[in-house]
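Reviewing the structure listed below.
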Amino acid sequence: MIDLKRFELWFVTGSQTLYGEETLKQVADHARTVAEGLNAAAAIPVRVVYQPPVTSPDSILHVCRQANARSECVGLVTWMHTFSPAKMWIAGLRELCKPFVHLHTQFNRDLPWDAIDMDFMNLNQSAHGDREFGFLCSRMGLRRTVVVGHWQDPQVRQRLGEWSRAAVGRHELRSLRVARFGDNMREVAVTEGDKVEAQIVLGCSVLGYGVGDLAAAVRDVSEAEIDRLVAEYDERYMVAKELRADGARRGDLREAARIELGLRAFLHDGGFAALTDTFQDLHGLRQLPGLAIQRLMADGYGFGAEGDWKTAAMARAMKVMAAGLPGGTSFMEDYTYHLAPGEELVLGAHMLEVCPSIAVDRPSLEIHPLSIGGKEDPVRLVFDARPGPAVNAALMDFGDRFRLLVNAVETIPPPAKLPRLPVARAMWKPLPDFKTAAECWILAGGAHHMVFSHAVTVSMLEDLADMLGVEFLAIGRETNGTAFRREVRSANDRRR
Ligand code: MN
């Protein structure tokens, strides 16, 4: 399980020495109260850690350096309680390598109409103190998110929570190791990319292995371990008759368990939290890993099929960002369409590898032939995705930059049963409508592989792109086709 409470968001309050000791004491008291309030907020999944107010270039530089050095610190919340002349922030912000969110708030919600005097005004002047800070950030060209409103406002807390989830995603990408078994599916373009640039921009390292290395780990699995795992399958899923203990194909299920155990051991020993494989390179494996990949994803691993390491990395980042929220997150592909006018639907699926975290109910464990790959029939979990709002996110490498493209969708129950479809699937209506969404996605060069999530929001992904310095485009309820086409054309024209 992914525990976000081990991450810290540092609450840093700016002021200056002009106002005297008594005022600074009040500033510190207020800042502690705000930080404690945010720390207790359910919408904020990380720990909010109060830092004493900073009033000089030295103290600002010091706290920025401390934040850089603390690995649990995923980012900063900055707030100018009083007026904090922003030249004091230049040295610190120049060295700060953690993302920050600028909280534009003030301690009191309401003006004390009868009591307000000049002392009150001087104590509570973030209305312009935060503007001074904002100017300097823009002058320095720093990417940041600005959240506005009273610190007890649920929407403000929600927004800070989303931002902190993005910061955790960035933090995860910085140290993520992706295991890549085999190379790319031959001739496929969008799953390729510059891994060195990805490591510089995103942070993740992608390490290639011959599938024979994995096959050796699979061979090392003991029969006793397999006994234990198939017993778990029997308990967790609706197992097809032929795969049950007395079924004719129990041996194929045991083989799937062997692959899962070998994969888990390999990933654990190598410190990997994401992986890719390809059906074109499975030497030494008897089945394309299906059930194994589905269950690894359910445990938080990122995955991309056909060598798609960018989607694998994004899937892992988004799983960490989604930790503790209702709904699931999965590798996904637009597979086929229902094109009835006005009722268009996308059927999302993959050959096998859809994560059961998105399932609406208990998955069914089945075995069916796979028409490509030339291996034995693979075991897989079959289910429908739970209805409700979701996003699809794809990361592409355009040679001179990465682009993160997001489409908000409405997941729906399939309008009819799909009795002969032997894979897990999600059905959705893309927003704002099918034609606009598909046209915009294709014009923006959006991949056919994506990460689907009920839990991660468009705002979280926009914050993440901002923190990474990656181009961001979103298609959703508000998207106007004409405006989006113009935006994409100008983005596409921005080439070397
Ligand atoms: Mn695919």
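The values are calculated or read from the model by the stated rules, or taken from the named source; none is laboratory data. The model shown is predicted, which means the values in this text are computed figures rather than measured ones. Every residue, glycine among them, receives a Cβ derived from its backbone with ideal geometry; neighbour counts consider all protein chains shown. For accessibility, only protein heavy atoms count, side chains too; no ligands or nucleic acids. Shrake-Rupley method; radii C 1.70, N 1.55, O 1.52, S 1.80 Å.
Data table
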quantity	calculated
Any chance residue 246 is free of Cβ contacts under 8 Å to residues at least 60 places away in the same chain and surrounded by 13 or more Cβ atoms within 10 Å (Cβ to Cβ)	no
Residue in segment 470-478 that is closer than 12 Å to residue 391 by Cβ, open to solvent by less than 30 Å² (accessible area, probe 1.4 Å) and more than 16 Å from the ligand (Cβ to nearest atom) present	yes
Identity of the residue in segment 333-349, open to solvent by 30 Å² or more (accessible area, probe 1.4 Å) and part of a strand (DSSP E or B), that ends up farthest from residue 306 (Cα to Cα)	338
Residues being part of a loop (DSSP other than H, G, I, E, B), surrounded by fewer than 24 Cβ atoms within 10 Å (Cβ to Cβ) and touching a residue at least 40 places away in the same chain (Cβ under 8 Å) - total across segment 286-305	4
Test: residue in segment 308-319 that is closer than 30 Å to residue 166 by Cβ, touching a His at 6+ places or on another chain (Cβ under 6 Å) and either at pLDDT 95 or above or open to solvent by less than 10 Å² (accessible area, probe 1.4 Å) (or both)	yes
Failed item in (1) open to solvent by 10 Å² or more (accessible area, probe 1.4 Å); (2) among the polar types (S, T, N, Q); (3) within 16 Å of the ligand (Cβ to nearest atom), with residue 222 passing the rest	(3)
Qualifying position, being within 16 Å of the ligand (Cβ to nearest atom), touching a residue at least 40 places away in the same chain (Cβ under 8 Å) and aliphatic (A, V, I, L, M), among 360, 346	346
The one condition in (1) within 16 Å of the ligand (Cβ to nearest atom); (2) outside any loop (DSSP other than H, G, I, E, B); (3) over 30 Å from residue 163 (Cβ atoms); (4) not acidic (Asp, Glu) that residue 352 fails to fulfil	(2)
Residues located in segment 183-208, provided they are away from the ligand (no atom under 16 Å from the Cβ), β-branched (Val, Ile, Thr) and outside any helix (DSSP H, G or I)	206
Scope segment 1-30; condition open to solvent by less than 10 Å² (accessible area, probe 1.4 Å) and over 30 Å from the mean Cα position of the chain (by Cα); matching residues	14, 15, 27
Qualifying residues in segment 126-176 (those that are within 30 Å of residue 316 (Cα to Cα) and in a loop (DSSP other than H, G, I, E, B)) - the one least open to solvent (accessible area, probe 1.4 Å)	176
Within segment 363-376, considering residues that are surrounded by fewer than 18 Cβ atoms within 10 Å (Cβ to Cβ) and closer than 21 Å to residue 251 by Cα, the one farthest from the ligand (Cβ to nearest atom)	364
Residue list for segment 289-332, filter: within 16 Å of the ligand (Cβ to nearest atom), more than 21 Å from residue 265 (Cα to Cα) and touching a Phe, Trp or Tyr at 6+ places or on another chain (Cβ under 9 Å)	306, 308, 310, 311, 330, 331, 332
Selected residue [among the aromatic types (Phe, Trp, Tyr), away from the ligand (no atom under 16 Å from the Cβ) and either open to solvent by 30 Å² or more (accessible area, probe 1.4 Å) or out of contact with any Lys or Arg (no Cβ under 9 Å at 6 or more places or on another chain) (or both)] from 484, 452	484
Only one of 437, 465, 385, 426 that is under 30 Å from residue 146 (Cβ atoms), open to solvent by less than 30 Å² (accessible area, probe 1.4 Å) and either touching a helix residue (DSSP H, G or I) at 6+ places or on another chain (Cβ under 9 Å) or of a type in the set (S, T, N, Q) (or both)	465
Wholly within segment 1-96, helices (runs of 4 or more DSSP H) carrying at least 3 residues that are farther than 19 Å from residue 137 by Cα	21-40
Residues (closer than 16 Å to residue 290 by Cα and assigned to a helix (DSSP H, G or I)) located in segment 221-249	229, 230, 233, 243
For residue 83: the one exception among (1) of a type in the set (Phe, Trp, Tyr); (2) open to solvent by 10 Å² or more (accessible area, probe 1.4 Å); (3) out of contact with any Asp or Glu (no Cβ under 8 Å at 6 or more places or on another chain); (4) touching a residue at least 40 places away in the same chain (Cβ under 8 Å)	(3)
Set 427, 467, 396: member being more than 24 Å from residue 339 (Cβ to Cβ), assigned to a strand (DSSP E or B) and of a type outside the set (Asp, Glu)	396
